[in-house]
Amino acid sequence: MTDGSTIALAGPARVFTPHLDRIRQNLPPNFVMRLPSQVLLSEPADEEFIQKLSVRIATSDSPPRLTVGLYSCEDDSQFCRIGTFSAVLAKTPQAQQEYQQHVAAAAPIQLTKTIRGYLLMGTAKYPASAFSSIMWQQDDMLYTVSFANPERQNMLYMAVYMANEVPIILNNAALERAPMRPSP
């Protein structure tokens, strides 16, 4: 899809900007997180709609995982979930099992010159799901992007943006220097 040299590093999409400090604070030890430089959704969603999405940050302990979710309403209802971006340490057995399921059943997608992701359609999951996911290994982490099945193409673009973006770590000077997008 891309060789990684054509995507300019600009920092995570504006919808995440107010939450970056909280994301950094919630990073488990030895964690790295990546977020896409753009959030893409099918029409009628536009930039105004995307900026109004609720951003939720969730962590879990077993295995340690950080998930950044986009929701269309204030409650945690699955009906409001637009999509999620998550990271887990690659060496954890549960994460490896989930990754191997993607590798075995999913279509490989080139995210960068050296990184391949695996797209698993929600209809191919057991039980079937309304959400598809793409998973890849990078930074000693396993990253997953999960969005509703109709957003498959946009999800692939966001995975490419994520894989080519500057990682978020507790202290990342490169990200702090990344140009901020002007407000509309």
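Results, tabulated for the structure shown:
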| read-out | value |
| --- | --- |
| Mean separation of Cα contacts under 8 Å, 6 or more apart, over the residue count of region 14-172: relative contact order % | 26 |
| Distance histogram for region 14-172 (every C-alpha pair counted, 5 angstrom bins, percent rounded to whole numbers) | 2, 9, 19, 23, 23, 16, 7, 1, 0 |
| Set of aspartates and glutamates near residue 113 by C-alpha distance (under 16 Å), chain-local residues within fewer than 8 positions excluded | 3, 139, 165 |
| Fewest-first ranking of 61, 76, using other Cβ atoms within 10 Å as the exposure measure | 61, 76 |
| Positive minus negative residues near residue 148 (Lys, Arg vs Asp, Glu; Cβ under 15 Å) | +1 |
| Assigned charges on the beta-carbon of Lys, Arg, Asp, Glu; region 14-172 dipole about Cα centre (debye) | 400 |
| Inter-probe distance in nm under a simple model that places probes 7 Å from Cα toward Cβ, at residue 104 and residue 42 | 3.0 |
| Distant-in-sequence amide H partners of residue 13 (H built 1.01 Å from N, under 5 Å) | 37, 38 |
| Label point distance in nm, residue 52-residue 140, each placed 7 Å from Cα along Cα→Cβ | 4.3 |
| Under 18 Å from the residue 126 label point (7 Å along Cα→beta-carbon), backbone N, region 83-109 | 97-107 |
| Trypsin sites (Lys or Arg not before Pro) within region 89-118, DSSP loop, no more than 13 other Cβ atoms inside 10 Å | 91, 113 |
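FYI, it's all coordinate maths here, none of it is from the lab. Quick caveat: nothing in here was measured; it's all calculated off a predicted structure. A quick note on method: Cβ atoms are made from the backbone with ideal geometry, for glycine too, and the neighbour counts reach across all protein chains shown.
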